[in-house]
Amino acid sequence: MASLSYRSAIKIAAREMRSSRGKFFFVVLSVAIGVAALTGVRGFSSSFRATLLLRARSIMAADVSARMFEQPTPEQQKGLDAIAAEGVEMTPITELLSMASSPKTLDPLLVSIKAVDPAMYPFYGTVELAPAAALKNVLKPDTVVVADDLLVRLHLKVGDELKIGTRQFRIASVVVNEPDRLSGNFAAGPRVLISREGLDASGLLAPGSHAGQRYLFKLPARRDGSAIPDSAVSAFSERLEKLLPEARVIDYRETNPALTRGLDRATSLLSLMSLVALVLGAIGVGMAMRAHLQQRLDTIAIMKSLGARSGQIMKIYLLQTLLLGLLGGVLGVALGVGVQMAFPHFLAKLLQMQTEVHLQAQTVLIGLGAGVLTTLLFTLPPLLDIRGVRPILILRRAVEENDDPFVTAALRKLRKNLAQIGAALLILAGLAGIAATLSDSATVGKVFSLGLVAVLAVLVASSALVLAGLRRFLERTRLSLPSPMRHGLANLYRPGNPSAALLAALGLGVMQIMAVYFVQQSVVRELHISSAPNLPNVFLIDITPDEINGVRTLIKAQPSVTAPAEMMPVVSSRIIDIDGVPANQARLKNFPKRMLQSVSLTWSADLPPGTSAVAGKWWQKDEKQPVVAVSQRDAERLGVKVGSHITFAAQDQRFTAKVVALTKADGQHAYSRASFILPQTALAGLPVVWYGGVHADPARVGELQRALYRAYPTVTVINVAQALETVRSVVIQITYVIQFLAAFSIFAGILILASSIAGTRYRRIKEVVVLKTLGATRRQIATIFSIEFAVLGLVAGVVGIIFANVIAKVLLHRMDVVFHWQWGWSFVALLATAALTVTTGWVASHRILGQKPLEVLRDE
Amino acid sequence: MIEVEGLRKSIRNGTRTVDILKGLDFEIPKGQFAAIMGASGSGKSTLLGLLAGLDSPSSGEVRLNGIAISYLPEDKLAQVRGKTIGFVFQSYQLIPTLTALENVLLPYELNVDGSDAKAGQSRARELLASVGLGDRFGHYPVQLSGGEQQRVALARAFILRPPIVLADEPTGNLDSTNGAHVLDLLLNLNRTEGTTLVLVTHDAVLAAYADRRITLRDGLIVSDETVPAGGAAELRQGSAVTEAGAE
């Protein structure tokens, strides 16, 4: 069988493109804007994430840490050596409590010693010293670096000697901030940083000492400079958990839930934006190609009458689509790369953070590929329509004109044409595939694809209803309506008018744009809460029951304190059995059995601030039964669930508590470190120590420390203000970037929608000519179009906005963010959609309205 | 040879069914020049469409050189159409984005394997030259007059040497001089290529050139006259002389 050569097909395709430059401009523009937004947003967000993740890692000083309670066995050591051989860097940190003294003062002081290898530690971030210096230059085998309050308590200064164990060390500097302060132990006593050689020499590491060992790990950097993916970090964590079953393995994402959540939400939102950009572009292409092929019906019929088979004609238009997709894709990638390069400059002042832009070939190729693929997918239905074009059209147009309304035609097509169903399924599968590839968040991909299908179905149904309603309304009122109104409304359902397709395109567009806006709003609001300026940034340890009221009063009186103190009682206890299984036989997961001998219990009548119940139910205020709420993570490690029973022993008392709730803490409040919370009555009469969390002005924490030390010298004050400020600034930076990128996506979306509307102007040329010939003025014609466009805009707006709210609600629910219906913004968006449609309609028809009828006819 | 048997065509117009052709039976032997006549709405163009396989009948059958085409699948039909029929339309139906030469070449590209592209091109040039457009190969339809466009369409209809040529009011859009010229070329090509020619027209003068005149009214054949041998041929000869004089 003869087949049209590619050369001839490309020739015909290219000639058509050249002859209708104006129309194809909109197709190329749609693809280009979609691909530009995709490449720009994805590229920049990937660079931004890489920079942010680096900062997030600095909060732990590593990618992964493993807290060990015993020395690794020879077999485990072999596994650790194998890991090191793969390029993973590893350094041990030893933490222990000890006494320190100085020749100047006789009283020894309990200090929290941390031994590090200054050549390796920290893998990420820096240890801030006063005066400023690099840790490895200061920390030598015979020196230590200490916290400011040690100097205050022991009346020492930099350069003095400090006795630790059996050795004297010179105080070389003051530690202002350790990057991993938030992930280390909040042990009593001021911090002393010592080298590993120094610790060995001090003789403190005698057999049986209670030193805690932590290994920090750094995964090898990626060659292209992009961030180490979360999946690699998770895989490495799992590998470590298997290798060291008794160790507590955590990765950097677990150190600060606020930051991790911020990053996760930003990732979801950025994925959503990428998808929206792409699908909006595809809608523009679909609309334009549909219009184009409608106008090519004659040519197609001629070719068929000359013996062309549908496949040959489809080849021509498929090549044309490919050419358009490629052209738009290349232009879009170029634009996107430009935008990606420009973003950091726009944001430089706002973020005060250097975002290194890595131009990734993968991002560029994905942008180009996605552009061409979506163009092809969305052009598939009009391309398949070619098969249905009958050559008799050239002889008997009226019969072949498809007079059916869009929906009936679509239903008929679906009934009669399996290929159309196949195409629809292919588009959905293709979209889901693209969504899965592009979206770093599976939830976003799924919700987005389903939302798209649902909204399309509702839009098709509602457009059918609206158009049928209008028809009925016009049949009844016909001549009693003013002429422009009658004409404008009748235009909506006249045969061949793309109003149903335009309605679907507009509705989808509005839905996507508004979904981005609503999700962005809620995420930003939530991020502001989680980075609220009054979260505890100073923690107090070892407050006795005699001191607690005095401490409360003192804190209240401090001008530097900006929020009420959170106080948590702690009762030392041990676990005897779990669900009747003795502690020494319990099956635990990454929870050393030794730790069962020392657990901290606390009480609270209500859910403490920053803690939420993820399973079960919190108790009533007057609960008398021994019940317990266990932190979700510890519940997993201990193998308990709601309904389990745990027997605790404290002093000589023993009691069994039923697990009634599992909790999750935000990591930012005093109660965030509580693993077991009970009602107060369950712990009545047991010895208690209090811990507290206060928010103080970061610049004035010193004042608070001094005041507390003067009144309560045994209370340890841990200042994490500096570290928390880092987290807060990063979270705020995330919100800025989200808002900026959302604005960019929304702007691109509006441009594409406008071009879709403008693309329909070619259909109006004939109508304008006839109206003008009959004496209609430009104002009258503009009024007719305004009515038509306003109705389209309003219907599409209503459906799109309702669905935007629904999608935002589902997505936010999945992202664990509170959703609020935004009536005000929904209404504004509705009016804006109608205004956009009418304005674009006017602008696009402006040239047509100004043309002389004959001029247009000659062009035709 | 064209055979038509019990041919009916109805179309649905909303809830109403309109019968356009109500059962036609006739044969057009190889090499005959038949004119199908009738007033507007009599079913002429519908019949032509069915003869060409551009549309399928509601019932009945059309056979072209023994091949029943009415219910062939679309692609098979396109193949038959491409190889068996040459078409000339009232409004030329050239592809606006292709040059005159490319338009003529198009059926060749669609229906003949590309291995002998040069042969196709030389045939197209030859045909264009024979209709007096040897200097217009590179012109686009928009750069040609109506008469010239129809001449390109004539060349296109004959490029594959089809055994049957169907023409739908080929001079309907042209002034009398150009109309006569186009008709003359059509008849000449028909004669030199030895094709069967079916011409749809409501113009009795034009129909007078045919060997046979089939007249339709309301979807039925009301008369089918065959001109005595020699009569039409003489007219055709005369037309050529007139045409030569007119030019």
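Please enumerate the residues belonging to the range A:92-111 that are in contact with a Pro (Cβ under 7 Å, 6 or more places away or on another chain) and of a type in the set (Ser, Thr, Tyr). A:101 - this is the single residue of the range A:92-111 that is in contact with a Pro (Cβ under 7 Å, 6 or more places away or on another chain) and of a type in the set (Ser, Thr, Tyr). In this structure, is residue A:341 at pLDDT 85 or above and open to solvent by 10 Å² or more (accessible area, probe 1.4 Å)? So residue A:341 does not fit the description; no. Selection of helices (runs of 4 or more DSSP H) fully inside the range B:101-213 by the criterion of at least 2 residues being within 11 Å of chain A (Cβ to nearest Cβ) returns B:117-130, B:146-158. Within the option set A:295, A:320, being at pLDDT below 75, more than 37 Å from the chain's Cα centre (by Cα) and either within 14 Å of another protein chain (Cβ to nearest Cβ) or within 30 Å of residue B:51 (Cβ to Cβ) (or both) holds for one residue only, A:295. Counting the residues of the range A:303-317 that are open to solvent by less than 10 Å² (accessible area, probe 1.4 Å) and away from chain B (no Cβ under 11 Å) gives 1. With respect to being small (Gly, Ala, Ser), modelled with pLDDT under 85, under 28 Å from residue B:63 (Cα atoms) and open to solvent by 70 Å² or more (accessible area, probe 1.4 Å), residue B:233 falls outside the description. Checked against the criterion of being closer than 29 Å to residue B:176 by Cβ, modelled with pLDDT of 90 or more and open to solvent by less than 10 Å² (accessible area, probe 1.4 Å), the candidates B:100, B:129 yield just one match: B:100. Does the range A:839-852 include one or more residues that are at pLDDT 80 or above, of a type in the set (Ser, Thr, Tyr), under 22 Å from residue A:522 (Cβ atoms) and surrounded by 15 or more Cβ atoms within 10 Å (Cβ to Cβ)? Checked against the condition, which is being at pLDDT 80 or above, of a type in the set (Ser, Thr, Tyr), under 22 Å from residue A:522 (Cβ atoms) and surrounded by 15 or more Cβ atoms within 10 Å (Cβ to Cβ), the range A:839-852 yields no hits at all. Would you mind telling me which numbered condition in (1) of a type in the set (S, T, N, Q); (2) under 21 Å from residue B:64 (Cβ atoms); (3) at pLDDT below 85 residue B:195 fails? Every condition holds for residue B:195 apart from (3).
Evaluate the range A:441-448: report whether one residue or more is within 19 Å of residue A:505 (Cβ to Cβ), in a helix (DSSP H, G or I) and modelled with pLDDT of 65 or more. Lay out the reasoning, then the answer.
Taking the range A:441-448 and keeping what is within 19 Å of residue A:505 (Cβ to Cβ), we get A:448.
With in a helix (DSSP H, G or I) added as a condition, the list becomes A:448.
Those left that are additionally modelled with pLDDT of 65 or more: A:448.
Yes, because at least one residue in the range A:441-448 is within 19 Å of residue A:505 (Cβ to Cβ), in a helix (DSSP H, G or I) and modelled with pLDDT of 65 or more.
Restricted to the range B:54-85, and to residues there that are assigned to a strand (DSSP E or B) and more than 9 Å from every other protein chain (Cβ to nearest Cβ), the residue that is most open to solvent (accessible area, probe 1.4 Å) is B:67. On the basis of being under 21 Å from residue A:688 (Cα atoms) and surrounded by fewer than 19 Cβ atoms within 10 Å (Cβ to Cβ), does residue A:573 make the cut? No, not satisfied.
One residue is enough: does the range A:517-524 have a residue meeting the conditions within 26 Å of the chain's Cα centre (by Cα), of a type in the set (Phe, Trp, Tyr), under 30 Å from residue A:791 (Cα atoms) and open to solvent by 20 Å² or more (accessible area, probe 1.4 Å)? Yes: one or more hits. Put simply, of B:44, B:9 the only residue that is among the charged types (D, E, K, R), in contact with a helix residue (DSSP H, G or I) (Cβ under 8 Å, 6 or more places away or on another chain) and buried (at least 21 other Cβ atoms within 10 Å of the Cβ) is B:9.
Between A:279, A:285, A:330, the distinction of being without any contact (Cβ under 8 Å) to a residue 40 or more places away in the chain and away from every other protein chain (no Cβ under 14 Å) belongs to A:330 only.
The values are calculated or read from the model by the stated rules, or taken from the named source; none is laboratory data. On a predicted model such as this, the values are computed, not experimentally measured, just so you know. So basically every Cβ, Gly included, is an ideal-geometry build from the backbone, and we count neighbours across all protein chains shown. With ligands, DNA and RNA removed, areas are computed over all heavy atoms of the protein, side chains included. Shrake-Rupley method; radii C 1.70, N 1.55, O 1.52, S 1.80 Å.
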